[in-house]
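Structure first, then comments.
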Amino acid sequence: MSAPVDLSLVTASKIAAMVRSGEVSATDVVRAALERVDALNPILNAFTDVTRARALEKARAIDAMRARREELPAFAGVPFAVKNLFDITGLPTRAGSLINRAHAPAGHDATLVARLAAAGGVLIGGLNMGEYAYDFTGENAHDGNALNPHDRTRMTGGSSSGAGGAVAAGMVPVALGSDTNGSIRVPASFCGVFGLKPTYGRLSRARTYPFVASLDHVGPMARSVSDLAHSYDIMQGRDPLDSHQAERPIEPTVPKLRAGAEGLRIGVLDDHFAQNGFPEAFAAVNVVAQALGVTATAHLPNAADARAAAFVITAAEGAELHLNRIRVRPQDYDPETRDRFIAGAMVPAVWVQKAQKLRRWFSQAAAKAFECHDVLLAPATPCHAPLSGQKTLMLDGQEVALRPNMGVFTQPISFIGLPVVTVPVWLPDTHLPIGVQIIAAPWREDRALRVAAALEAMGTVKSPVAAIGA
Amino acid sequence: MRNAEFDPAKHVDHMEHMLGLTIEDAWRPIVIAHMTAIARAGNQVMNVALVDEIEPAPVFLA
C-alpha cells in the first residue's frame, strides 16, 4: 500500500489512527520516515545512529498484528527517536561523547524507550546532542553540529539538539530529550517545536546517561500538543529501576486537553523574566498573554540568585561525575565541555551546600506564587536562534558569553523542578521561531498542557515542518 | 563572604595539583574564565540571607 499523504507532516496521533484503520501500513510509515532521514540527515546532522533493521522489524510485527485482527496499541506505527544518552539495545550510549562510544553496547532499552515501544512506537534511531548534555548550542566537536532546519546557518540549541532538529524537519513526529537547565526548552524554542519538561522526578531516567543527578529531567518534544501529551501519558508510571523517581500515580493529561485555559489563573513573570533578553523574547510572551487575555503579572523572588545556584550545582555535580576521566583523558573531551568540567571540579563545597539550601527556599517562594496563579508565563530563550559558532551576545547593553546565557530564563524554573511546556511563537517579519515557557505548579503538567493546547487551537502557537531546500 | 580575596587563577593553580589534573597552557585562560564565572555565581549565592533552619533541597529517603 502506498502512503496517500505526506507522512512527514502528520502527527503521531494521526499516524497511529491511520495504521489502526489500515489507511497506511506501519511498514510504509517507517519506510517513509527512514527515507526522510536518509535525505535530510546529511544536511541537518540530527541523527547519529539509525536503527533501520530494528525499525522495519517492529513495523512488520505491527502489520502482522493488524493482519491477525489484534487490537493495536495507542502509538502503533509511530516513528520516534531519542537523544543519544538514552540506552538503545545493541548500541553504545554515546551521550554526545567520544569516550562513551567505546563502551559496550547497551543490553536494554532505557525505560522510556521501552514504554513507547510497548505502546507500538517504532524507534528510528539515536539523536545528536551536546557532549554529556553540557550544552545550549547544538554544537558537538565529535559528531558535528546539528543544524537548525528553519535556517541552517543557525543553532538548533542544545543539548537536545538532534531532537529539536529531527522533529522540526519532520523526520519523526516525537523525540525524547533531557533537560537539566533548559536542554529541552532551548532547542524547542530555536527549532519551533513543542517541548515538555515534566516535574522533577516524574518520568523515569533509568538507563539514561546522567549529567547532574539532582537536576536531570527527561521528556518529549513534538509538533503538536496532543502528541506531547499522548507520549507523556504513555511514559508515566513508577519504575523500580529509578531510585530517584517520585512516588506518583499515573495522571493522564490527554483527557484534560479539551478543558483549555478556562478557569486557570495565569500571570506573566516579571523582574528577572522581563529583562536579560532581546525584544523578540518579550514580544513572544506578549503574543501568548494577549491571546489568553492575561494582564496579571507574577513574581518569583530571587530568580537571578536561583539561576546562579543552578549554575554552581551544575558545575560541581557534573564535574564530580567526570573527574577521573578528565584526569586521564582530557584530550578526548570536546574542549567546550572539558574546560568547564575542570573548573567545576574546583568548586568549594560550601557554595554547593548553600546553593542546595537556596533551592529549597526558592521552591517554597514559588509555592507562594502558585497560591495566586495556576500557570506562569516566561520567555524560553533570550533571543531567536543565534548564528552557529557565535560566542557572545549583547544582553541589556553588555557583551556576555553566549553559552551560559541561553539558559537565563530556563534555569531558575528547572532548578526547582517545575513542569513546563515550551510553545513556539512565530512573530511577524522573521522566519525564526521563539519559545514561551508555560509553567505550572509541581505535578500539574496537565495545566501547562491545557494552556498549550488552547493556544494551539487558537493558532497562536504552532510547529510547522521546516521547508528545507537543497 | 569576602570575595575580593578569591583569586580564580591562584585557585585553579592550587586545585589543579590537589586534584591531579593536567591543564595545558592553551586551556588555562579558559578554565580560569569558567572558574571566574562560577565564583561570581557562588558569591551571589553566598550573599543570599537564609535562616539556619532551611533544609538543603536533596533529602535522602531511606
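The values are calculated or read from the model by the stated rules, or taken from the named source; none is laboratory data. What you see is a predicted model; the values in this text were computed from it and never measured. As a convention, Cβ positions derive from the backbone with ideal geometry for all residues, glycine included, and neighbour counts pool all protein chains shown.
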task: Take the residues in segment A:430-453 that are closer than 28 Å to A:Met171 by Cβ, surrounded by fewer than 23 Cβ atoms within 10 Å (Cβ to Cβ) and of a type outside the set (Ser, Thr, Tyr), then tell me which one is modelled with the highest pLDDT.
output: A:Leu432
- request: Could you check how many residues of segment A:351-377 are outside any helix (DSSP H, G or I) and under 14 Å from B:Gln44 (Cα atoms)?
  value: 0
- prompt: For segment A:378-426, what are the residues that are farther than 23 Å from A:Ala315 by Cβ, assigned to a loop (DSSP other than H, G, I, E, B) and of a type outside the set (A, V, I, L, M, F, W, C)?
  reply: A:His384, A:Ser388, A:Gly389, A:Asp396, A:Gly397, A:Pro419
- prompt: Does segment A:243-257 hold any residues that are in a loop (DSSP other than H, G, I, E, B) and either on the phi > 0 side of the Ramachandran plot or not charged (D, E, K, R) (or both), and which are they?
  reply: A:Ser243, A:His244, A:Gln245, A:Ala246, A:Pro249, A:Ile250, A:Pro252, A:Thr253
Residue, farthest from B:His17 (Cα to Cα), within segment A:299-342, restricted to residues that are assigned to a loop (DSSP other than H, G, I, E, B) and touching a helix residue (DSSP H, G or I) at 6+ places or on another chain (Cβ under 9 Å): A:His299
task: Could you tell me which of the residues A:Arg60, A:Arg31 is under 17 Å from A:Val174 (Cα atoms) and free of Cβ contacts under 8 Å to residues at least 60 places away in the same chain?
output: A:Arg31
field: Matching residues in segment A:144-164 - criterion: being over 15 Å from A:Gly469 (Cα atoms) and in contact with a Cys (Cβ under 8 Å, 6 or more places away or on another chain)
entry: A:Thr156, A:Gly157, A:Gly164
query: Between a first residue in segment A:346-361 that is more than 7 Å from chain B (Cβ to nearest Cβ) and a second residue that is among the polar types (S, T, N, Q) and surrounded by fewer than 22 Cβ atoms within 10 Å (Cβ to Cβ), which pairs have beta carbons less than 6 Å apart while being 6 or more apart in sequence or on different chains?
result: none
field: Number of the exception - A:Val113 against (1) buried (at least 21 other Cβ atoms within 10 Å of the Cβ); (2) part of a helix (DSSP H, G or I); (3) touching a helix residue (DSSP H, G or I) at 6+ places or on another chain (Cβ under 9 Å)
entry: (3)
- prompt: Taking segment A:350-399, which residues are surrounded by 15 or more Cβ atoms within 10 Å (Cβ to Cβ) and charged (D, E, K, R)?
  reply: A:Lys354, A:Lys357, A:Arg359, A:Arg360, A:Asp374
- prompt: Quick one: what pairs do we get from segment A:191-209, first residue under 18 Å from A:Val113 (Cβ atoms), second surrounded by fewer than 23 Cβ atoms within 10 Å (Cβ to Cβ) and hydrophobic (A, V, I, L, M, F, W, C), C-beta under 8 Å, 6+ apart or different chains?
  reply: A:Arg202/A:Ala246; A:Arg202/A:Trp443; A:Ser204/A:Leu241; A:Ala206/A:Leu241; A:Arg207/A:Ala106; A:Arg207/A:Leu241
Selection from segment A:298-322 of residues that are out of contact with any Pro (no Cβ under 8 Å at 6 or more places or on another chain) and at the interface with chain B (Cβ under 7 Å from one of its Cβ atoms): A:Asn302, A:Asp305, A:Ala308, A:Ala309, A:Val312, A:Ala315
- request: Please enumerate the residues belonging to segment A:456-470 that are more than 19 Å from the chain's Cα centre (by Cα) and either surrounded by 24 or more Cβ atoms within 10 Å (Cβ to Cβ) or in a loop (DSSP other than H, G, I, E, B) (or both).
  value: A:Gly459, A:Thr460, A:Ala467, A:Ile468, A:Gly469, A:Ala470
message: When you check A:Pro240 against the structure, is it in a loop (DSSP other than H, G, I, E, B), touching a helix residue (DSSP H, G or I) at 6+ places or on another chain (Cβ under 6 Å), closer than 16 Å to A:Arg115 by Cβ and of a type outside the set (A, V, I, L, M), yes or no?
response: no
